[in-house]
Amino acid sequence: MNATSNLNLPFIMPAQAQKHVTHNEALQMLNALVQLGVASRQLSTPPENPQAGERHIVAEEASGVWAGVPAGHVAAFQDGAWQVFAPQTGWIAWIADEGVARVFDGEGWSPFTGTAINPAPLVGVNTDADETNRLAVKSDAVLLSHDDVTPGNGGVQLKLNKAAPGDTASVLYQTGWSGRAEFGTAGDDDFHIKVSANGSDWHEALVINRASGAVALPSTPPVANSFNLLKDAGRFAGSPEPQSAVVSGFTAPTYFNPVNGADISAGPKYIYNNNDYGGSAGTLDPDIDALISKLKNASSRRYGVEFFALQITAGSGTGTARTIDGVTHYLPFATPQLPLPPELTFNVHVLVKSGSVGCAIPSAPNALYIDGVRHTDPQRILPEDGWKQVTRQMNWNPASFVGYDNICHQIFATPGTVFWLAALTVTPGHLPIAPERYYGVIPSLQAWR
């Protein structure tokens, strides 16, 4: 045997003269074939000015100096001349002008595949993957079909698995790399479909409750309209309340019952035709002005149904406690046993003047929103927070719920806390909820009795 079996390197034979010639020939072959990388496999004629060590896989119909060289052979320019090598099955070559690796399968140079890429840290198809997008594909279409080779079970399933309910498992649609639509379990285990016009502001179109399968349309108003719990837009003017847009006196509502020694009284009033916005009937309290700035457009703040803010001063009692953010709060007021539909939206604006107010979450699947942002944990409201819109979307199973509740508001306070309530409404069904979406002062249905 005069040469090696794979690379066909010549052996130095016993008593051979000029052994260095054979040795150098073997080194040249190693230089050409080990760590094989070729410039191209597209040329059938040698390049005019090859670099020393330049290698090519010869294409079909070779000509010139390569005339007669079979397609697929490796040509290496060494010592001013082309040397040709016949590839062996299993040789792997890097094709520089294509940026791919090819393997010789005994007949030709085929795409390099195999189990060596499993697992692969990054996979890019027609593009570059990165540390965030470890699988990246640029293609006009992507096909995922059932397995009819293994043969498989005839089905196909795409799985998106997240670590915890608060994480996101979703499919995001983008335009110009900016989000426009998304569906999946985003932030909880309910199923959400949401859309965006700019990639920053998102609006939920549909939410399917994970426990019941109930479908909510957060951005679609319900058939039923809201009505005000605070008597004709919170005017507290007795029962039956006056029909005028203005009100002079305050009467505490009989359906707000103080608990734990709390006191209910009048806060400042929103004034019809107020001075702050071009009228002549009086100047608004600064806190009422701040509320109206949230509730109404600038062009509509001069006129509107007058109302008093309801001031509640929590007593020293310690009944019906809730620990919120590590602080114990107690029930300051209750309502009569109100009849409740299977779906209800409760909405109120809260301003804490002193102390601390806590917004509890009675149970899943009831949802708590503060200024349109959903929270899965109870929340505190403090004086420095200013006016906060507290919204609850409630769900009950009529077959298992008594149908009445006297603390559905789930608002609690520390002893001595002073806070205001304004523009309190309830709605059969689920109102659309989103940041910066506020509901104005809504007349009570009691005026139509």
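For region 436-445, the criterion of being of a type in the set (S, T, N, Q), at pLDDT below 80 and in a loop (DSSP other than H, G, I, E, B) is satisfied by at least one residue. Within region 296-313, if we keep just the residues that are outside any loop (DSSP other than H, G, I, E, B) and of a type outside the set (Phe, Trp, Tyr), the residue that is surrounded by the fewest Cβ atoms within 10 Å (Cβ to Cβ) turns out to be Ser299. Among the candidates Ser316, Ser280, Ser293, single out the residue that is among the hydroxyl-bearing types (Ser, Thr, Tyr) and in a helix (DSSP H, G or I). After ruling out the rest, the residue left standing is Ser293.
Evaluated against (1) among the hydroxyl-bearing types (Ser, Thr, Tyr); (2) under 30 Å from Ser212 (Cα atoms); (3) open to solvent by 40 Å² or more (accessible area, probe 1.4 Å), Thr254 falls short on exactly one condition, (2). The single condition among (1) over 47 Å from the mean Cα position of the chain (by Cα); (2) at negative phi; (3) not hydrophobic (A, V, I, L, M, F, W, C) that Gly64 does not meet is (2). I'd like the residue in region 55-66 that is at pLDDT 90 or above and open to solvent by less than 100 Å² (accessible area, probe 1.4 Å) and, out of all such residues, is farthest from Glu107 (Cα to Cα). In this case the residue turns out to be Gly64.
The set of residues in region 177-196 being open to solvent by less than 90 Å² (accessible area, probe 1.4 Å) and in a loop (DSSP other than H, G, I, E, B) consists of Gly187, Asp188, Asp189, Asp190.
Tell me yes or no: at least one residue of region 338-358 is surrounded by fewer than 16 Cβ atoms within 10 Å (Cβ to Cβ) and without any contact (Cβ under 8 Å) to a residue 24 or more places away in the chain. The answer is no; no qualifying residue exists. Among the residues of region 324-374, none is identified as in a strand (DSSP E or B), among the acidic types (Asp, Glu) and either farther than 22 Å from His203 by Cβ or in contact with a Cys (Cβ under 9 Å, 6 or more places away or on another chain) (or both). Of the residues making up region 250-306, those that are under 30 Å from Tyr330 (Cα atoms) and of a type outside the set (S, T, N, Q) number 26. Within region 68-84, restricting attention to residues that are more than 17 Å from Ala39 (Cα to Cα) and modelled with pLDDT of 90 or more, the residue that is surrounded by the most Cβ atoms within 10 Å (Cβ to Cβ) is Val69. Would you check if there is a residue in region 230-237 being surrounded by fewer than 15 Cβ atoms within 10 Å (Cβ to Cβ), at pLDDT below 90 and over 30 Å from Pro415 (Cβ atoms)? For region 230-237, residues surrounded by fewer than 15 Cβ atoms within 10 Å (Cβ to Cβ), at pLDDT below 90 and over 30 Å from Pro415 (Cβ atoms): absent. Restricting attention to region 143-176, the residues that are open to solvent by 100 Å² or more (accessible area, probe 1.4 Å), under 28 Å from His203 (Cβ atoms) and over 15 Å from the mean Cα position of the chain (by Cα) add up to 2.
Every residue in region 248-259 that is under 42 Å from the mean Cα position of the chain (by Cα) and modelled with pLDDT of 80 or more, please. Selection gives Phe256, Asn257, Pro258, Val259.
If you filter region 124-142 down to residues that are open to solvent by less than 100 Å² (accessible area, probe 1.4 Å) and not in a strand (DSSP E or B), you find that the one that is farthest from Thr185 (Cα to Cα) is Thr127. Considering region 371-404, the residues that are of a type in the set (Lys, Arg) and open to solvent by 40 Å² or more (accessible area, probe 1.4 Å) include one that is modelled with the lowest pLDDT, namely Arg374.
Of the residues Pro121, Pro87, the single one that is open to solvent by 90 Å² or more (accessible area, probe 1.4 Å), in a loop (DSSP other than H, G, I, E, B) and either free of Cβ contacts under 8 Å to residues at least 24 places away in the same chain or touching a Phe, Trp or Tyr at 6+ places or on another chain (Cβ under 9 Å) (or both) is Pro121.
Test Thr328 against the criterion of being surrounded by fewer than 16 Cβ atoms within 10 Å (Cβ to Cβ), among the polar types (S, T, N, Q) and touching a Lys or Arg at 6+ places or on another chain (Cβ under 8 Å), and give yes or no.
Details: surrounded by fewer than 16 Cβ atoms within 10 Å (Cβ to Cβ): yes; among the polar types (S, T, N, Q): yes; touching a Lys or Arg at 6+ places or on another chain (Cβ under 8 Å): yes.
It is true that Thr328 is surrounded by fewer than 16 Cβ atoms within 10 Å (Cβ to Cβ), among the polar types (S, T, N, Q) and touching a Lys or Arg at 6+ places or on another chain (Cβ under 8 Å).
The values are calculated or read from the model by the stated rules, or taken from the named source; none is laboratory data. What you see is a predicted model; the values in this text were computed from it and never measured. FYI the Cβ positions are ideal-geometry reconstructions off the backbone, even for glycines, and counts take in every protein chain you see. To get the accessible areas, we keep the full protein, side chains included, count just its heavy atoms, and leave off ligands, DNA and RNA. Shrake-Rupley method; radii C 1.70, N 1.55, O 1.52, S 1.80 Å.
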